[in-house]
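What follows draws every value from the coordinates through simple rules; no lab data is involved. Since this is a predicted model, take the numbers as computed values, not measurements. As a convention, Cβ positions derive from the backbone with ideal geometry for all residues, glycine included, and neighbour counts pool all protein chains shown.
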Amino acid sequence: MASQQLPKELQVLYHRTPDELQKELDTLPPEAAKGALEALNSLHHVMEREIYQLVLRLIQALR
């Protein structure tokens with residue numbers, strides 16, 4: 001899969017993934033790889049929000 005075929009946000013995510021995952025993504029058809037990266041991106045955003053909420057609760061507890 002040529003990462004240049006992906007939207008910019010997914011290109012960045014692709015290049016931030018470990019080599020082993022990149023190799024696996026490269027074995028998929030472009031649309032399947034794009035779908036996998038979109039799912040990973042969505043999960044990343046969910047995890048990011050959860051971490052921010054945990055940090056907020058920690059800060060509030062420290063007051």
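For the chain, a simple Cβ point-charge model (Lys and Arg +1, Asp and Glu -1, everything else neutral) yields a dipole of about 400 debye relative to the Cα centre. Counting only DSSP H runs of at least 4 residues, each contributing -39500 (n - 2.57), and dividing by the residue count of the chain, the helix-based mean residue ellipticity at 222 nm comes to -26500 deg cm²/dmol.
Among residues other than E9 with Cβ under 13 Å from its Cβ, the summed charge is +2 (Lys and Arg +1, Asp and Glu -1). Could you point to the residue in A39, Q11, I51 farthest towards the positive end of the range 3-62's charge dipole, with +1 and -1 charges on the Cβ of Lys/Arg and Asp/Glu respectively? About the Cα centre, the residue reaching furthest to the positive side is I51.
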